[in-house]
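The values are calculated or read from the model by the stated rules, or taken from the named source; none is laboratory data. None of these values were measured; they are calculated from a predicted model. Positions of Cβ are backbone-derived with ideal geometry, glycine not excepted, and every protein chain shown enters the neighbour counts. When the accessible area is computed, the model is the full protein with side chains, heavy atoms only, and any ligands, DNA or RNA have been set aside. Shrake-Rupley method; radii C 1.70, N 1.55, O 1.52, S 1.80 Å.
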Amino acid sequence: MNANEISSKASPRLKRIQKISRILKVCVLFYFVAPLCALAFNLKTIHSTSGMISIFTHPYASTLDIPKPMYLLWATGTAVYLLGVISFYRLLCLYEKGVIFSGANVSEMKKLGSYLAGYGILAIAANVTYLGGFIFPWVLLEGFVSPWIVVGGAIYIVAGIMDEGRKIQEEQELTV
Amino acid sequence: MPIIVNLDVVLAQRKMRLNDLAEAVDITPQNLSILKTGKARAIRFSTLEAICAHLECQPADILEFRPEERKKGE
């Protein structure tokens with residue numbers, strides 16, 4: 001047990017956090033490790049509805065219609081999304097260990113925020129590809145309201161504030 | 001850190017133990033130990049006042065500024 005860990009004996013609240021983290025970890029594993037769930041993930045990204053293929057919510061009649069940059073964006077987007085899930089999983093592992101306000105937590109939260117925002121940027125790039133050009137006001141508006149960027153940015157900022165709070169707490173602990 | 005805490009010196013001069021001082025000024029021995037070993041980042045005026053009052057000394061007897069320590073820290 002390091003200095004940042006909280007003893008579960010000392011706090012029943014921590015036991016609840018650990019329990020929730022364990023359940024969420026199982027959910028994340030089930031979602032990504034089980035082959036059917038992996039297929040479900042693929043269907044989420046490229047799913048076929050009424051004969052149409054959709055990438056980043058943009059419909060294509062067949063795979064031949066999909067431009068090559070869109071494949072690259074889809075692959076990058078999937079990788080970034082998976083990295084985000086890995087960061088979330090690592091964060092849950094830290095919570096399970098009883099590490100809640102450490103530098104490692106902040107680092108994982110910042111990574112998670114960056115990956116989500118990165119996915120949002122890729123979604124905008126996919127919009128630009130789909131439209132076949134840079135339509136400035138529309139793309140700007142899309143970027144402004146993109147929930148991925150907003151949520152990712154918010155997580156990143158909260159992680160930064162948490163880091164500052166952690167430092168303040170450390171300093172206060174050393175105030176006699 | 002260029003601020004040096006000479007609490008151990010003052011305590012030795014007064015032939016007083018850390019635990020006794022901690023009890024007298026109502027601070028935990030752990031916190032007083034943090035102050036004595038120079039690990040403390042800050043000291044409250046109320047704490048300084050209580051220590052000075054009990055040890056009958058001035059803040060300057062407990063705290064010392066050494067500029068060379070700042071250079072080492074940088």
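Chains B and A: how much accessible area gets covered up at their contact, both sides added, probe 1.4 Å, in Å² to the nearest hundred?
Separately minus together, B and A give about 700 Å² buried.
Please get the size of the charge dipole for the range B:3-69, origin at its Cα centre, with Cβ charges of +1 on Lys and Arg and -1 on Asp and Glu, quoted in debye to the nearest 20.
180
Return the long-range amide H neighbours of B:Leu63 (sequence gap of 5 or more, or a different chain), with a cut-off of under 5 Å between placed amide H atoms.
Excluding prolines and chain starts, which carry no amide H, the hits are B:Asn6.
To the nearest 0.05, what FRET efficiency results for A:Ala75 and A:Tyr31 with a Förster distance of 25 Å applied to their C-beta separation?
According to the calculation, E is roughly 0.80.
Express the accessible area of chain B per residue in Å², computed with a 1.4 Å probe while the remaining protein chains stay in the model.
Here the residues of chain B average 69 Å² of exposed surface.
At 7 Å along Cα-to-Cβ for each site, give me the label-to-label distance between A:Cys93 and B:Thr37 in nm.
Going from the A:Cys93 label point to the B:Thr37 one covers 3.1 nm.
Ignoring everything but the protein chains, give the 1.4 Å probe accessible area of A:Met109 in square angstrom, nearest 10.
Taking all protein chains as shown, A:Met109 has close to 30 Å².
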